[in-house]
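The values are calculated or read from the model by the stated rules, or taken from the named source; none is laboratory data. Note that the coordinates shown come from a computational prediction; the quantities given were computed from them, not determined experimentally. Note that each Cβ is placed from the backbone with ideal geometry, even for glycine, and that neighbours are counted across all protein chains shown.
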């Protein structure tokens, strides 16, 4: 079975929802891999790797700060992350693969929609979750589940992101 899930939209909770699926899979003894495309700093969710007994692996390809104006180095990192995702999926055959912030990576032009589609088409079995803001019609068309998170109200920029709540 192959399942492609997309979490997108301008609301909070896309990565947290993906980690919720990782937690469920872990509860069933399944192996999971998380590839962080843009986030290079540790977040509270990363504790799942430590407590998983080697069932969850998290790989960071991002930088300490979020990318708004991408550089050539950012593009190289994104391409390297996608290559790594292919390798790790073939080698480790996880039940679940999270491509965190990959929708933003496409939106920023660090990877093309075509490159991501080719990767998704190469997967024959497993669950792949794509997170991040940005709608990509062709990816939505091939996805089995698409959920859009919509912000109704948020107190940013009145306060900074809170450790333990936003990360």
| task | Tell me, yes or no, whether the range 148-164 has at least one residue that is touching a helix residue (DSSP H, G or I) at 6+ places or on another chain (Cβ under 8 Å), surrounded by 11 or more Cβ atoms within 10 Å (Cβ to Cβ) and outside any helix (DSSP H, G or I). | result | yes
| note | The condition from (1) assigned to a helix (DSSP H, G or I); (2) within 17 Å of residue 115 (Cβ to Cβ); (3) touching a helix residue (DSSP H, G or I) at 6+ places or on another chain (Cβ under 8 Å) that residue 99 misses is numbered (1)
| Out of (1) under 18 Å from residue 8 (Cβ atoms); (2) surrounded by 21 or more Cβ atoms within 10 Å (Cβ to Cβ); (3) at pLDDT below 95, the odd one out for residue 102 is which? | (3)
| If you go through the range 40-63 one residue at a time, do you hit one that is in contact with a helix residue (DSSP H, G or I) (Cβ under 9 Å, 6 or more places away or on another chain), in contact (Cβ under 8 Å) with a residue 40 or more places away in the chain and within 24 Å of residue 114 (Cα to Cα)? | no
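Can you find, within the range 127-137, the residue that is farthest from the chain's Cα centre (by Cα) among those that are surrounded by 18 or more Cβ atoms within 10 Å (Cβ to Cβ) and not in a loop (DSSP other than H, G, I, E, B)? Outline the logic, then answer.
Residues of the range 127-137 that are surrounded by 18 or more Cβ atoms within 10 Å (Cβ to Cβ), as a first pass: 127-132, 134, 136.
Those left that are additionally not in a loop (DSSP other than H, G, I, E, B): 127-131.
Details: 127: 12, 128: 9, 129: 7, 130: 5, 131: 5 Å.
Step by step, filter the range 127-137, then rank; the result is 127.
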| task | Could you run through the range 1-35 and say how many residues are part of a helix (DSSP H, G or I), more than 30 Å from residue 153 (Cβ to Cβ) and in contact (Cβ under 8 Å) with a residue 40 or more places away in the chain? | result | 1
| task | Answer with yes or no whether residue 53 is at positive phi, at pLDDT below 95 and not in a helix (DSSP H, G or I). | result | yes
| task | Could you look through the range 68-87, keep only residues that are modelled with pLDDT of 95 or more and either in contact with a strand residue (DSSP E or B) (Cβ under 6 Å, 6 or more places away or on another chain) or assigned to a loop (DSSP other than H, G, I, E, B) (or both), and pick out the one that is surrounded by the fewest Cβ atoms within 10 Å (Cβ to Cβ)? | result | 85
| query | Looking at residue 27, is it farther than 15 Å from residue 85 by Cβ, at pLDDT below 95 and surrounded by fewer than 17 Cβ atoms within 10 Å (Cβ to Cβ)? | reply | no
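Out of 118, 140, which single residue is part of a helix (DSSP H, G or I), on the phi < 0 side of the Ramachandran plot and touching a residue at least 12 places away in the same chain (Cβ under 8 Å)?
140
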